[in-house]
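S.K.: There's a structure below that I have some questions on.
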Amino acid sequence: MEKNVFKYTGLLICIVVVALLLMYILPGITIGGRVLRRVDILADVRPLLQSASEPDSLLPLPPKVKPAFVDTCRSGMTCIEDYSDSTMRGMTPFYRALDELSQKSRLVRIAYFGDSFIEADILTADLREMLQKRYGGCGVGFVTITSMTSSFRPTVRHSFGDWQSHSIMDSVFFDRNKQGISGHYFIPHAGAYVELRGQKNYASRLDTCDHASIFFYNKGEVTLSVSVNRESKHTEMFPVTGELQQMDVKGHIGSVCWTVENADSTLFYGLAMDGTQGIIVDNFSLRGSSGLSLRSVPIWMMREFNEQRPYDLIILQYGLNVATERGRNYDRYSDGIAMAITRLNEAFPQAGILVVSWGVRDYKTEEGDLRTMPGIKNLVRYQQNLAAESGVAFWNMFEAMGGEGSMAKMVHAKPSMANYDYTHINFRGGKYLAGLLYEALIYGKEKYDRRRAYETEP
């Protein structure tokens, strides 16, 4: 008889399955202190049971790392390099002031210090107009009592008489302890006067203003008269206060004339035509200056001036009287400007500082070829390192102008944008460079806004 293999095989399988199922209900077996895993042939199809009461023993995940904000610069533009950190000594105070201006009526003041490159309001006139058109404001800002460039400054008609003028660039008879922030002081003779008249031929927003002032320091009584729009005079007497004083007039001012009726031991420094909101750009040009003279302005005078005209941005542009044809070492000059920046930080703690490099200066070789002075490139590098070490902002005008050979291109442009000394720009060149700086300022503000928005994102 043949065995029924399939019958017995099926029976064996059934016995094994039943045994395995019964083993699942047996209690756990411990051998040598170790608990053997329970037999469960249905484990692969049985739903997993999660214990809600069992706490998570894992450490929480660290916070998600937000990528750092990356500054970019638009192609073809020379952007402002801001080397400030938590001190906020670069462009941040200026950008914050612009934000406040958009929210409420206030003044945003810029002081632009430089040498003959910007005298007669070259470059600063157009920068002022561009900023005032965008953010509001009017008036030419600060003007010294007398000026050697008054006859060809197109942004204000400036007349004066019977003043004794003193400048830090004078070789004799200058008392450094008496100077104002511009590096000047002025002593009146009997009947001394000074008049500013707005104009609109060169730039807009200069024919009228809302606020006019004259600044002085007296050790005796002073009597001043002022005539607005050549109408009747208003006279006022000022006692001794031991502080920098100012006389103000407000209204729709097209011209203002100040007359010194009486002045006992009084020093005058300048006058101003401003708006009551928007942008003010003060030009502090000093022919022949290297910028080192800023170290000698008394710190108390700077602080007094800050009380009268608190700046949001101070721009320093020097180099014309520093660079030499093949100059390599500008260590002493750099140290001096660093000291001046420190003093400005102390006197104007709310202001940001922007160092603008010297531009391009060409010279003729013995063969008669035009070349850019190698010493200029060295100076620009020193100025950039100075800004970085001082924790302020820097704008490379040399690069913005086009680098080597660009001054010759400006001289030979049609119409010309620079003089045949291959050093000084004219008003057309000033307008061109003002446009480049204006674009850098506005783009910098846009980057500041993007960074701030990014940092506030979760």
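S.K.: So, residue 389, is that one among the charged types (D, E, K, R) and either within 18 Å of residue 320 (Cβ to Cβ) or under 14 Å from the mean Cα position of the chain (by Cα) (or both) or not? Give the derivation first.
M.R.: Values: among the charged types (D, E, K, R): yes; either within 18 Å of residue 320 (Cβ to Cβ) or under 14 Å from the mean Cα position of the chain (by Cα) (or both): no.
For residue 389, the condition - among the charged types (D, E, K, R) and either within 18 Å of residue 320 (Cβ to Cβ) or under 14 Å from the mean Cα position of the chain (by Cα) (or both) - is not met.
S.K.: While we're here: Since residue 363 meets every condition but one in (1) within 21 Å of the chain's Cα centre (by Cα); (2) not in a helix (DSSP H, G or I), which condition does it not meet?
M.R.: Looking at each condition in turn, residue 363 falls short on (1).
S.K.: Take residue 260 and decide whether it is in a strand (DSSP E or B), surrounded by 13 or more Cβ atoms within 10 Å (Cβ to Cβ) and touching a Pro at 6+ places or on another chain (Cβ under 7 Å). Steps first, answer last, please.
M.R.: Values: in a strand (DSSP E or B): yes; surrounded by 13 or more Cβ atoms within 10 Å (Cβ to Cβ): yes; touching a Pro at 6+ places or on another chain (Cβ under 7 Å): yes.
Spelling it out, residue 260 is indeed in a strand (DSSP E or B), surrounded by 13 or more Cβ atoms within 10 Å (Cβ to Cβ) and touching a Pro at 6+ places or on another chain (Cβ under 7 Å).
S.K.: Here is a further query. Considering the range 73-106 alone, what residues qualify as being within 22 Å of residue 275 (Cβ to Cβ) and either surrounded by fewer than 20 Cβ atoms within 10 Å (Cβ to Cβ) or at pLDDT below 95 (or both)?
M.R.: In the first step, residues of the range 73-106 are kept if they are within 22 Å of residue 275 (Cβ to Cβ); the result is 93-106.
Selection gives 96, 99, 100, 101, 102, 103, 104, 105, 106.
S.K.: For the list (1) more than 21 Å from the chain's Cα centre (by Cα); (2) of a type in the set (D, E, K, R); (3) surrounded by 19 or more Cβ atoms within 10 Å (Cβ to Cβ), I need the number of the one condition that residue 325 fails.
M.R.: Condition (3) is where residue 325 drops out.
S.K.: Hand me the list of helices (runs of 4 or more DSSP H) wholly inside the range 384-458 holding 1 or more residues that are closer than 30 Å to residue 67 by Cα and of a type in the set (Asp, Glu).
M.R.: On the way: elements: 397-401, 406-411, 427-456.
The qualifying helices (runs of 4 or more DSSP H) are 427-456.
S.K.: Checking the conditions here, which among 141, 136 is surrounded by fewer than 23 Cβ atoms within 10 Å (Cβ to Cβ), at pLDDT 95 or above and either touching a strand residue (DSSP E or B) at 6+ places or on another chain (Cβ under 8 Å) or hydrophobic (A, V, I, L, M, F, W, C) (or both)?
M.R.: Unique residue meeting the criteria: 136.
S.K.: Look through 354, 271 and report the one residue that is under 25 Å from residue 402 (Cα atoms), touching a strand residue (DSSP E or B) at 6+ places or on another chain (Cβ under 8 Å) and of a type in the set (A, V, I, L, M).
M.R.: Working: 271 fails: under 25 Å from residue 402 (Cα atoms).
Among 354, 271, only 354 is under 25 Å from residue 402 (Cα atoms), touching a strand residue (DSSP E or B) at 6+ places or on another chain (Cβ under 8 Å) and of a type in the set (A, V, I, L, M).
S.K.: Still on this model: Do the conditions hold for residue 314, that is, is it under 16 Å from residue 346 (Cα atoms) and either surrounded by fewer than 17 Cβ atoms within 10 Å (Cβ to Cβ) or within 17 Å of the chain's Cα centre (by Cα) (or both)?
M.R.: yes
S.K.: Here's a check for you: in the range 107-133, which residue that is in a helix (DSSP H, G or I) and among the charged types (D, E, K, R) is surrounded by the fewest Cβ atoms within 10 Å (Cβ to Cβ)? Quick ask: steps written out before the conclusion?
M.R.: As a first pass, look at the range 107-133 and keep what is in a helix (DSSP H, G or I): 116-121, 124-133.
Next cut, among the charged types (D, E, K, R) only: 119, 121, 126, 128-129, 133.
Numbers: 119: 20, 121: 28, 126: 23, 128: 28, 129: 22, 133: 14.
Going through the qualifying residues, I end up with 133.
S.K.: OK, next. Go through (1) modelled with pLDDT of 95 or more; (2) small (Gly, Ala, Ser); (3) under 25 Å from residue 147 (Cβ atoms) for residue 288 and report which single condition fails.
M.R.: (1)
S.K.: While we're looking at this one, here's another question. Can you pull out the residues in the range 320-353 that are of a type outside the set (Gly, Ala, Ser) and part of a helix (DSSP H, G or I)? I'd like the intermediate steps shown before the answer.
M.R.: In the first step, residues of the range 320-353 are kept if they are of a type outside the set (Gly, Ala, Ser); the result is 320-322, 324-326, 328-333, 335, 337, 339, 341-346, 348-350, 353.
Within the range 320-353, 331, 332, 333, 335, 337, 339, 341, 342, 343, 344, 345, 346 qualify.
S.K.: Moving to a separate point now. (1) loosely packed, with under 12 Cβ neighbours inside 10 Å; (2) of a type in the set (Gly, Ala, Ser); (3) within 20 Å of the chain's Cα centre (by Cα): which one isn't true of residue 171, the others all being true?
M.R.: (3)
S.K.: Kindly indicate whether residue 396 is without any contact (Cβ under 8 Å) to a residue 60 or more places away in the chain and either within 19 Å of the chain's Cα centre (by Cα) or assigned by TED's automatic domain parsing to the domain that holds residue 332 (or both).
M.R.: Considered against the rule, which asks whether it is without any contact (Cβ under 8 Å) to a residue 60 or more places away in the chain and either within 19 Å of the chain's Cα centre (by Cα) or assigned by TED's automatic domain parsing to the domain that holds residue 332 (or both), residue 396 comes out as no.
S.K.: Kindly check whether there is at least one residue in the range 388-399 that is out of contact with any strand residue (DSSP E or B) (no Cβ under 8 Å at 6 or more places or on another chain) and among the β-branched types (Val, Ile, Thr). First the steps, then the outcome.
M.R.: So the first thing to find is which residues in the range 388-399 are out of contact with any strand residue (DSSP E or B) (no Cβ under 8 Å at 6 or more places or on another chain), and the list is 389, 391, 398-399.
Applying the additional criterion that residues be among the β-branched types (Val, Ile, Thr) yields none.
No; the residues of the range 388-399 include none that is out of contact with any strand residue (DSSP E or B) (no Cβ under 8 Å at 6 or more places or on another chain) and among the β-branched types (Val, Ile, Thr).
S.K.: For the structure I just gave you, tell me whether residue 309 is surrounded by fewer than 17 Cβ atoms within 10 Å (Cβ to Cβ) and either not β-branched (Val, Ile, Thr) or not assigned by TED's automatic domain parsing to the domain that holds residue 105 (or both). Lay out the reasoning, then the answer.
M.R.: On the way: surrounded by fewer than 17 Cβ atoms within 10 Å (Cβ to Cβ): no; either not β-branched (Val, Ile, Thr) or not assigned by TED's automatic domain parsing to the domain that holds residue 105 (or both): yes.
No.
The values are calculated or read from the model by the stated rules, or taken from the named source; none is laboratory data. Please read these numbers as outputs of a predicted model, since none were measured by experiment. Positions of Cβ are backbone-derived with ideal geometry, glycine not excepted, and every protein chain shown enters the neighbour counts.
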